[in-house]
Ligand code: DOR
Ligand code: ZN
Ligand code: ZN
């Protein structure tokens, strides 16, 4: 008999739902169905759409498009640009975090100019989270800005030993800094990237086995696990210029439950990393009568067929896992049970 346990609904502070502008990859319906199927009851959406979320109009459009169509609760982050700083104060109560892209990746939100970055860090309201995509050496720059402007810094998807060491040092120095890690960096390496080809192409890139191990060895210095669900179609991935990004909403919990069943992670730590810390750090409102039921199962193989994400593939295809989501209850209503979705019962949320 599988062992069934109840967990608080998972919280994901880092997803790319792609609507509006890139709905061939994902949209609010398919993305939040994938989230619910993966055990998430609340997710936060990133701003790097083709028309980026860098103005009140773009944010309002996302809110309007999502309302009434979502299967879990959904909040939004805002993008930093030279011009979006003027909206910070107006929008600060509607958005969870400011996202600063300090390296090249999907979309046009790259900010490298030191003067503009100073402007962004100095104008973002103190006490609210500033999230960075800052790989390797760039992370040093982000930490320096955060120190100078007394920012609440959240470092997205750390992937290397160097990055975790930088975070540990900054924490020791008393900076207000948190970080997340994603399952593709916890479970895959550059060796997998070779066989995955374009389907293993992601920023930050899949790293070495030593890097991967350093993330597990330093879980106590990592604040949360985020999916960084970044779907692209198979056609795009097989095309001449494959975009970076991998989906993750439906595979993270089975992978983490497998780590629990192997004794590499405790249930208490899993709850801290997927619910308590992200909720506290991002001021996510409470969800009464909300929980999920998961079961530890016989080993089974992850395959892309039952996935709700529009992209219908996973870099973890073929991996053996030992846990699955059985039921998801949001505010007393069943939104997912034995592979079936009901709803939409999700709400657009704002910071508490
Ligand atoms: O691989 C990535 N894909 N990294 C990012 O930072 C962005 C993401 C995307 O939006 O596709
Ligand atoms: Zn990123
Ligand atoms: Zn991302």
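The values are calculated or read from the model by the stated rules, or taken from the named source; none is laboratory data. What you see is a predicted model, and the numbers here were worked out from it, not measured in a lab. Reconstructed Cβ throughout: ideal geometry from the backbone, glycine too, with neighbour counts over all protein chains shown.
Restricting attention to segment 169-191, the residues that are more than 16 Å from ligand 3 (Cβ to nearest atom), in a helix (DSSP H, G or I) and within 21 Å of the chain's Cα centre (by Cα) total 2. Entry remark, segment 26-75: residues being touching a residue at least 40 places away in the same chain (Cβ under 8 Å) and outside any helix (DSSP H, G or I) number 25 in total. Being touching a residue at least 24 places away in the same chain (Cβ under 8 Å), surrounded by fewer than 23 Cβ atoms within 10 Å (Cβ to Cβ), in contact with a strand residue (DSSP E or B) (Cβ under 7 Å, 6 or more places away or on another chain) and within 24 Å of residue 319 (Cα to Cα) is true for just one of 215, 186. Which residue is that? 215 is the lone residue from the list that is touching a residue at least 24 places away in the same chain (Cβ under 8 Å), surrounded by fewer than 23 Cβ atoms within 10 Å (Cβ to Cβ), in contact with a strand residue (DSSP E or B) (Cβ under 7 Å, 6 or more places away or on another chain) and within 24 Å of residue 319 (Cα to Cα). Is it fair to say residue 255 is modelled with pLDDT of 95 or more, within 16 Å of ligand 2 (Cβ to nearest atom) and either touching a strand residue (DSSP E or B) at 6+ places or on another chain (Cβ under 6 Å) or in a helix (DSSP H, G or I) (or both)? Against the criterion (modelled with pLDDT of 95 or more, within 16 Å of ligand 2 (Cβ to nearest atom) and either touching a strand residue (DSSP E or B) at 6+ places or on another chain (Cβ under 6 Å) or in a helix (DSSP H, G or I) (or both)), residue 255 does not qualify. Annotation note: of 249, 273, 265, 302, the sole residue that is under 16 Å from residue 316 (Cβ atoms), surrounded by 18 or more Cβ atoms within 10 Å (Cβ to Cβ) and away from ligand 2 (no atom under 16 Å from the Cβ) is 302.
Of the residues that make up segment 155-170, is at least one within 16 Å of residue 282 (Cβ to Cβ) and away from ligand 2 (no atom under 16 Å from the Cβ)?
No, that holds for no residue.
Checked against (1) within 19 Å of residue 15 (Cβ to Cβ); (2) within 11 Å of ligand 1 (Cβ to nearest atom); (3) out of contact with any helix residue (DSSP H, G or I) (no Cβ under 7 Å at 6 or more places or on another chain), residue 110 passes all but a single condition, namely (1). Just to be sure I understand, how many residues within segment 293-319 are assigned to a strand (DSSP E or B), in contact with a helix residue (DSSP H, G or I) (Cβ under 8 Å, 6 or more places away or on another chain) and under 21 Å from residue 229 (Cα atoms)? Of the residues in that region, 1 qualify. Entry remark, segment 210-249: residues being within 16 Å of ligand 1 (Cβ to nearest atom), over 18 Å from residue 163 (Cβ atoms) and assigned to a loop (DSSP other than H, G, I, E, B) number 14 in total. Restricted to segment 197-209, and to residues there that are part of a loop (DSSP other than H, G, I, E, B) and over 20 Å from residue 177 (Cβ atoms), the residue that is nearest to ligand 2 (Cβ to nearest atom) is 203. When restricted to residues that are within 12 Å of ligand 1 (Cβ to nearest atom), under 18 Å from residue 19 (Cα atoms) and crowded, with 20+ Cβ neighbours inside 10 Å, segment 78-106 contains 3. Sort through 138, 85 and tell me the only one that's part of a helix (DSSP H, G or I), free of Cβ contacts under 8 Å to residues at least 40 places away in the same chain and within 16 Å of ligand 3 (Cβ to nearest atom). 138 is the lone residue from the list that is part of a helix (DSSP H, G or I), free of Cβ contacts under 8 Å to residues at least 40 places away in the same chain and within 16 Å of ligand 3 (Cβ to nearest atom).
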